[in-house]
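Note sheet for the following structure.
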Amino acid sequence: MNPLEILNLSEPLLHMIASIEDRLMRNIVNRLIKYMYISSSTEWELKMLAEVGGLHKENLTFMKTQMKNAPKLLHEILESAAYKTAVQYETGFAKLIKKGIINNTRIPIHQTIVRVLKVYEKQAQSRLNMVNTVMQYKAKKVYRALVKSTLEIANKQEFLTILQNNTGGVVTGAYSRQKALMKTLQEFNERGIPAFVDKRGREWSPEAYVNMDIRTTVNNVAHQTQFERMQDYGISLLEVTSHSGARPKCAKDQGKIFDRENKSRKYPHWTSSSYGEPDGILGINCGHDVYPHIEGIHIRRYFPTENIIENDLRYQEKQGQRELERKVKAQKRLAEMYKQLGDHDAYIKAKQKAQNRNIELKDYCESKGLTYRADRVRIARFDIA
């Protein structure tokens with residue numbers, strides 16, 4: 001499946017994950033400002049740390065409610081990918097049957113799809129559960145870090161001196177902490193709550209990780225459906241596409257014909273390829289594809305529903321829309337944080353910036369012929385039209 005098709009299929013699930021992160025961030029801010037009136041830093045810190053248990057329970061309850069729809073959305077995404085792939089190849093198989101090149105199969109498409117989903121759906125659900133668990137843990141860790149960094153900034157003499165010069169008077173503990181919290185919340189708003197930490201220690205946002213994982217899983221489902229359907233029809237050979245600039249492991253395999261069932265001595269077995277490795281053929285972000293191959297007969301390799309160039313352009317345009325939507329939401333969150341802190345001037349400035357970004361998004365959608373979706377930039381109990 002092409003990137004645009006995958007993006008369209010996965011959007012409901014990605015939107016749900018992004019909305020969950022928004023709510024967890026809001027829960028954290030609500031706890032941080034709960035005792036802002038307390039002057040003593042020590043007392044404030046104790047009160048804040050005592051809130052960790054309540055915060056975790058609140059997040060756990062919310063995520064449990066929201067994630068109950070995830071299995072259904074995931075099933076719909078993977079089933080659609082499998083069905084579309086199977087149907088796509090049936091036309092070519094039917095022509096080969098009619099010409100007597102291959103034999104018909106008694107295995108219906110839906111049975112093949114069930115076979116594939118049984119493997120990949122369980123794996124994908126397991127990774128979604130992992131995202132759920134990591135976000136719960138990271139929310140607590142982020143909360144504690146915000147408390148610590150807020151106190152460190154608020155107690156620094158140079159920071160207090162700046163505040164005193166601006167106000168022309170004595171700065172109270174509560175006031176300095178409020179201003180310090182504004183600084184920490186800016187960074188919090190940009191980084192969000194991580195959902196995955198890779199081997200290099202890089203933290204992935206929930207939307208970015210789920211997007212990558214769904215894209216990879218959909219590709220795996222599509223290819224496995226293709227392989228299973230080939231097996232149903234007794235076709236064991238497949239041909240790998242090729243292009244310039246391929247990754248090292250892909251470059252070794254591209255342009256070759258492989259035998260999935262090891263029926264031929266002429267071609268290498270599929271297991272000798274880099275298939276199944278993250279940076280291998282058909283792995284994460286791989287640009288290659290594979291097609292059934294019958295010696296002396298070439299099944300049609302391309303099944304265009306749209307012009308390839310137009311399809312790629314549309315994908316990039318929708319990616320641009322999603323980036324602008326993320327910027328609008330981020331600015332709305334920041335404005336809401338300032339509002340909750342009680343800093344009216346900062347709130348008004350952030351709100352105006354959010355309005356400007358929303359206008360930019362609407363203009364972009366109109367210029368590209370895309371549908372503006374207000375629900376994708378909506379923040380709970382805070383909305384700028």
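The values are calculated or read from the model by the stated rules, or taken from the named source; none is laboratory data. Everything quoted here is computed from the prediction, not taken from an experiment. All Cβ positions, glycine included, derive from the backbone under ideal geometry; neighbour counts span all protein chains shown. Please note that ligands, DNA and RNA were not included when accessible areas were found on the heavy atoms of the full protein model with its side chains. Shrake-Rupley method; radii C 1.70, N 1.55, O 1.52, S 1.80 Å.
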If you check LYS34, LYS57, which single one turns out to be without any contact (Cβ under 8 Å) to a residue 60 or more places away in the chain, within 27 Å of ASN132 (Cα to Cα) and not in a helix (DSSP H, G or I)? LYS34
(1) surrounded by 14 or more Cβ atoms within 10 Å (Cβ to Cβ); (2) over 25 Å from ASP22 (Cβ atoms): which one isn't true of ASN132, the others all being true? (2)
Limited to segment 241-276, what total is found for residues that are open to solvent by 70 Å² or more (accessible area, probe 1.4 Å) and either touching a helix residue (DSSP H, G or I) at 6+ places or on another chain (Cβ under 8 Å) or within 25 Å of GLY92 (Cβ to Cβ) (or both)? 6
Selection over segment 294-325 where residues are over 17 Å from the mean Cα position of the chain (by Cα), at pLDDT 90 or above and buried (at least 19 other Cβ atoms within 10 Å of the Cβ) yields a count of 0
Being of a type in the set (Gly, Ala, Ser), open to solvent by 40 Å² or more (accessible area, probe 1.4 Å), modelled with pLDDT under 95 and farther than 30 Å from PHE188 by Cβ narrows ALA86, ALA94 down to just ALA94
Specify the residue that is farthest from LYS95 (Cα to Cα); the eligible residues are those in segment 105-129 that are surrounded by 20 or more Cβ atoms within 10 Å (Cβ to Cβ) and of a type in the set (Val, Ile, Thr). VAL116
Select from segment 88-99 the residues that are of a type outside the set (Lys, Arg) and either touching a Lys or Arg at 6+ places or on another chain (Cβ under 9 Å) or more than 17 Å from LEU9 (Cα to Cα) (or both) and list them in ascending order. TYR89, GLU90, THR91, GLY92, PHE93, ALA94, LEU96, ILE97
Filter segment 37-54 for residues that are assigned to a helix (DSSP H, G or I) and of a type in the set (A, V, I, L, M, F, W, C); which is nearest to the chain's Cα centre (by Cα)? VAL52
Go through (1) surrounded by 12 or more Cβ atoms within 10 Å (Cβ to Cβ); (2) at pLDDT 95 or above; (3) among the small types (Gly, Ala, Ser) for ALA50 and report which single condition fails. (1)
Hey, could you check segment 190-205 for residues that are in contact with a Phe, Trp or Tyr (Cβ under 8 Å, 6 or more places away or on another chain) and not in a loop (DSSP other than H, G, I, E, B) and say which is surrounded by the fewest Cβ atoms within 10 Å (Cβ to Cβ)? VAL197
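Listed here are the residues, each with its yes/no results for (1) open to solvent by less than 40 Å² (accessible area, probe 1.4 Å); (2) hydrophobic (A, V, I, L, M, F, W, C); (3) not in a helix (DSSP H, G or I).
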residue	(1), (2), (3)
LEU7	yes, yes, no
SER10	yes, no, no
ALA18	yes, yes, no
ILE28	yes, yes, no
LEU78	yes, yes, no
GLY100	no, no, yes
Count of segment 242-300 residues which are outside any loop (DSSP other than H, G, I, E, B), touching a residue at least 24 places away in the same chain (Cβ under 8 Å) and acidic (Asp, Glu): 1
Give me a count of the residues in segment 357-380 that are within 12 Å of VAL29 (Cβ to Cβ) and either open to solvent by 90 Å² or more (accessible area, probe 1.4 Å) or modelled with pLDDT of 95 or more (or both). 0
Inside segment 326-385, the number of residues satisfying the requirement of being under 30 Å from MET36 (Cα atoms), outside any loop (DSSP other than H, G, I, E, B), of a type in the set (Gly, Ala, Ser) and under 25 Å from the mean Cα position of the chain (by Cα) is 3
Going residue by residue through segment 336-356, is there one that turns out to be open to solvent by 20 Å² or more (accessible area, probe 1.4 Å), under 24 Å from GLY192 (Cβ atoms), modelled with pLDDT under 90 and acidic (Asp, Glu)? yes
